[in-house]
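Quick note: the coordinates plus some simple rules give every number you see, no bench work behind them. These figures come from a predicted structure and were not determined experimentally. No Cβ is skipped: glycine too gets one built from the backbone with ideal geometry, and neighbour counts run over all protein chains shown.
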Amino acid sequence: MPHFRTYDDAELHYRVLGPDDAPLPPLVCLAGGPGRDAAYLGDLGGLSTHRQLILPDSRGTGASPAAADPSRYAFPQLAEDLEALRAHLGLERFALLAHDAGAAVAQAYAAGYPQRLTRLVLVCPGSRLQGELPDDAWEIFESRRHEEWWPKASVALRQLTEAADLSEVRELLFAAAPLAYGRWDEPQRTHAATEGAQLGPVPRAGFWQGVDEQLRAALLAGLHEVTCPVLVVTGDRDAVTGMRAGEWVAASFPDARVHPLHGVGHYPWVDEPDLFGPVVEEFLHAV
């Protein structure tokens, strides 16, 4: 598995999907969670067919070692790891895709290194960085109470706030998992079954540490100066981050648009790969 040295000499790993002779430029892809193994991204619904996908394992996830200094788990520091990866790959400029909490890392990177990005795709982002916590995710969840899985998921959500044992947390995560998908069929069940083992509790806990109002304001000010086009993809069945969060995130950039997908939850490449892939490819190809 390839690796690179980052700014503090830590050795971090990444995987490459797609053909060596791909006709299109590579796409760097950041996982969310926070603190989740990037393996859950898969090939993002076939995006690796015509281009290479570069999927880094952030500190303490996948094949990358834990951070010696816990402050390195904070998302602005993870953005510095991304800059080290860019330099390692020899990319003067590149397209970046980020899912879920990975969108916070991508926004920190865009604010600090706007000249390095050609395109930015944010998939189902939250809006905590924007200081907004829309409640439409709960509205979406409530609108699905007629579905068979809903009663068990509702109980699991309440119990998750009090669960301390890791094995219990993993069981509850799977019980609540259907709220993250547009439907609860075999592909969704298979994908959801990997979540518990892929989450790193320590990287997850450290993701937002040290991010005060002063830093948040500085990052948001930086986003107003980002000139590359930005695409925000949301799903109308996403009961994790909802859809309004994506609108708040898009409003932070001067050149951003939101593309909602119908019948899609928090993992659009799992629910509707034939919808998700073309939307992303069309944006990456656009002049």
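Of note:
- In order along the range 71-87, the Karplus-derived 3J(HN,Hα) couplings, from 6.51 cos²θ - 1.76 cosθ + 1.60 at θ = phi - 60°, round to 5, 6, 7, 5, 4, x, 6, 5, 5, 5, 4, 5, 5, 5, 5, 4, 4 Hz, and Gly and Pro are given as x.
- Taking GLU139, GLU186, GLU195 in turn, the Gaussian network model of the chain (Cα-Cα springs below 10 Å) assigns the largest fluctuation to GLU186.
- Length gained on full extension, GLU282 to ASP9: 94.5 nm, using 0.36 nm per residue less the C-alpha separation.
- Cβ-based exposure ranking for VAL249, VAL233, VAL155, in which fewest neighbours within 10 Å come first: VAL155, VAL233, VAL249
- Value of relative contact order over the range 89-166, rounded to a whole percent, pairs C-alpha under 8 Å and six or more apart: 27
- From phi via Karplus (6.51, -1.76, 1.60), per-residue ³J(HN,Hα) for the range 118-129 in Hz, x at Gly/Pro: 9, 8, 9, 10, 10, 9, 6, x, x, 10, 4, 4
- Charge tally in the Cβ shell below 14 Å around LEU215, where Lys, Arg are +1 and Asp, Glu are -1, LEU215 excluded: -1
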